[in-house]
Amino acid sequence: MTVIMQEFPLTVGRILDHAAKYHPNRKIVSRSVEGPITHTNWANIQRQAKKLSQVLLSMGVQTGDTIGVMAWNTARHFEVWYGVPGAGAVNHTLNPRLFADQLVYIINHAEDRLLMVDFDLIPTIENIWDRLKTVENIIVMTDREHMPESSTLDLLCYEELLEKQDGNCEWVEVDETAPCGICYTSGTTGDPKGVVYTHRSNTLHALASSAPDMLGLSSNDVVMPVVPMFHANGWSLGYTAPMMGSSMVMPGRDMSAKGLYEMLGFGVTFTAAVPTIWMLMLQHLQSNNLTLPTLERVIIGGASCPRAVIETFQNDYDVQVLHAWGMTEMSPVGTVCTFKPEVTALDASGRLDAQGTTGHPPYSVDLRITDDAGVEQPWDGNTSGKLWARGAAVVQRYFKQDSDAVDKDGWFDTGDVATIDENGYMRITDRSKDVIKSGGEWISSISLENAAVAHADVAEAAAIGIPHPKWDERPILVIVAMPDKSPDPQDILALVAQSFAKWQVPDDVVFMDELPHTATGKISKLELRKILNNQGYELP
Ligand code: AMP
């Protein structure tokens, strides 16, 4: 049969072209790393991104070369986000909070030829420079005035390089299945693993995740990604927002509640971050009697969102919470909690219960749960199992590994444990390595933690299993109290007991000043176990 539809390669340059042509004047407000608030739009971002791709080509960057980018969420980061793949190269996002050894490992492993770095992060690179094997040049993402001095490094100035170009060029043509970006998993155990996104996977992922039942973005939205662009593909907002023609507010490196609140003031309607950020924001709003006049929706994911956060946003500030689950390996959106008709039909408390789940997947993501033997488990909202995923933007094989990360039917083992209910709403109950097994039964550590943080004087909670001679493991709770509070452990356990069977209630409550976190802000249970071990912790 003759093919009669046009070829339209799904390359990400076309996303920015669309924004620049059909939404040219949409505002991009940004807190620059240099300090001042800057104002630009999609047309200017496109011009700058094209200039950058000219710079890269003039420096000899070849199709498929990897470029490490260590930068905060600013308008300039967008220029790089598109300029790098626009030159046919691969954007390797670098998390400045990684340990030095991990940074060295991933830069060498990805064979980054060039680094592009915000000026305040140059000391991080100086620190590891003598261990980097492939980097030839460093471009500092600033103007001449703010160029740092370095006795170790030869530094090139971004704005100076761009000034010499005219931006009159086409994007380098690549196949839609060519690599576009690479992001390493945070690697709490073993070395980080690289996930390579293609132009096609990023485009399909953005199309699917911006649909009304997912993020529901439009040209009327003003989107503020608080989640860093270096974390899990920046939750793809760098693609979804321009694809939908949204305006954007970029908060820069100031992640304080006060700093973020100031940026929300630029008319933000939609924002995204992990629960910890929003807990701090709610405290800030409450103690300063502030309101959120323009904000309509907030997407919360990366870790389980406590019910109290959802309730407070919705009841006190009239902001809808979209609880979501995803992974670096999934580009990253896996599920978003919006209301299907079955949930809309519930009363307010039923809808809130549904929001404790992470919702349902977009088209192009497929999920299933199985027991350890691989037998598929029922969707009854109770039976938990290993969560598997497959889809158009789900990893097939980690970078430079010899074998696939999926089983023979193409299912990727997410490492999460979940339930799915009759309406297809998925609830994460654990990481499989964190699940607590007591007397052969599983106890969800995430549910215990959510129950504990419902106590007004508890700031953060971690539930872990401690070896037990009779029951194999028993749960304990590690608690960080709110500032100047000292909650009674029995009160916390009594609160937990309201929603758990007696045998599931933790045997002990241990207080700590802070919990150990990974570079992406998740509680590191591995570290926590080490700390408790070092302290000679034993069950009471
Ligand atoms: P990352 O690739 O760093 O984004 O980490 C992905 C992991 O974060 C998932 O496999 C989950 O274990 C966890 N995660 C993400 N979103 C949620 C959520 N809403 N609730 C519970 N865990 C989550």
Looking only at strands (runs of 3 or more DSSP E) that fall completely inside the range 415-457, which ones have 2 or more residues that are charged (D, E, K, R)? 426-431
Given (1) touching a His at 6+ places or on another chain (Cβ under 7 Å); (2) more than 16 Å from the ligand (Cβ to nearest atom), identify the lone condition not met by Arg351. (1)
Across (1) under 30 Å from Met229 (Cβ atoms); (2) in a strand (DSSP E or B); (3) open to solvent by 40 Å² or more (accessible area, probe 1.4 Å), Val480 clears everything bar (3)
Within the range 119-151, which residues are within 19 Å of Trp72 (Cβ to Cβ), charged (D, E, K, R) and more than 26 Å from the chain's Cα centre (by Cα)? Glu126, Asp143, Glu145
Could you grab me the full set of residues in the range 197-206 that are closer than 10 Å to Met243 by Cβ and either surrounded by fewer than 20 Cβ atoms within 10 Å (Cβ to Cβ) or at pLDDT below 95 (or both)? none
Just need a number here: residues in the range 50-64 that are open to solvent by less than 30 Å² (accessible area, probe 1.4 Å) and more than 17 Å from Leu156 (Cα to Cα). 1
Extreme residue, surrounded by the fewest Cβ atoms within 10 Å (Cβ to Cβ), among residues of the range 242-264 that are within 16 Å of Lys27 (Cβ to Cβ) and touching a His at 6+ places or on another chain (Cβ under 9 Å): Gly245
Give the residues of the range 134-153 that are within 17 Å of Met70 (Cβ to Cβ) and open to solvent by 80 Å² or more (accessible area, probe 1.4 Å), sorted by residue number. Glu136
Is it the case that the range 234-241 has a residue that's without any contact (Cβ under 8 Å) to a residue 60 or more places away in the chain and open to solvent by 10 Å² or more (accessible area, probe 1.4 Å)? no
Quick one: Leu322 ticks every box in (1) under 19 Å from Asn450 (Cα atoms); (2) in contact (Cβ under 8 Å) with a residue 40 or more places away in the chain; (3) within 10 Å of the ligand (Cβ to nearest atom) except a single one, so which number is it? (3)
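Say we look at the range 385-438 and pick out the residues that are within 30 Å of Asn450 (Cβ to Cβ) and of a type in the set (Ser, Thr, Tyr); which of these is farthest from the ligand (Cβ to nearest atom)?
It comes out as Ser438.
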Tell me which of these Lys258 doesn't satisfy, since it passes every other one: (1) closer than 30 Å to Thr142 by Cβ; (2) in contact with a strand residue (DSSP E or B) (Cβ under 9 Å, 6 or more places away or on another chain); (3) at pLDDT 95 or above; (4) not β-branched (Val, Ile, Thr). (2)
For the range 331-339, does any single residue satisfy the condition of being more than 30 Å from Thr66 (Cα to Cα), in contact with a helix residue (DSSP H, G or I) (Cβ under 9 Å, 6 or more places away or on another chain), open to solvent by 40 Å² or more (accessible area, probe 1.4 Å) and at pLDDT 95 or above? yes
Go through Tyr158, Tyr261, Tyr239, Tyr197 for me and flag whichever is of a type in the set (Phe, Trp, Tyr), closer than 20 Å to Glu79 by Cβ and more than 16 Å from the chain's Cα centre (by Cα). Tyr158
Would you list the helices (runs of 4 or more DSSP H) that sit entirely within the range 15-132 and hold 3 or more residues that are under 27 Å from Ser247 (Cβ atoms)? 42-58, 75-86
Out of the residues in the range 265-310 that are open to solvent by 70 Å² or more (accessible area, probe 1.4 Å) and farther than 19 Å from Asp221 by Cβ, which is farthest from the ligand (Cβ to nearest atom)? Asn289
Tally of residues being among the aliphatic types (A, V, I, L, M), within 16 Å of the ligand (Cβ to nearest atom) and outside any loop (DSSP other than H, G, I, E, B) across the range 488-540: 3
Residue satisfying condition, being of a type in the set (Gly, Ala, Ser) and either more than 20 Å from Lys522 (Cβ to Cβ) or surrounded by fewer than 24 Cβ atoms within 10 Å (Cβ to Cβ) (or both), within set Ala348, Ala324: Ala348
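The values are calculated or read from the model by the stated rules, or taken from the named source; none is laboratory data. Computed from a prediction, not measured in an experiment: that's the story for all the values here. Neighbour counts run over all protein chains shown; Cβ positions are idealised from the backbone, glycine included. Keep in mind that these areas ignore ligands, DNA and RNA; they rest on the heavy atoms of the full protein, side chains included. Shrake-Rupley method; radii C 1.70, N 1.55, O 1.52, S 1.80 Å.
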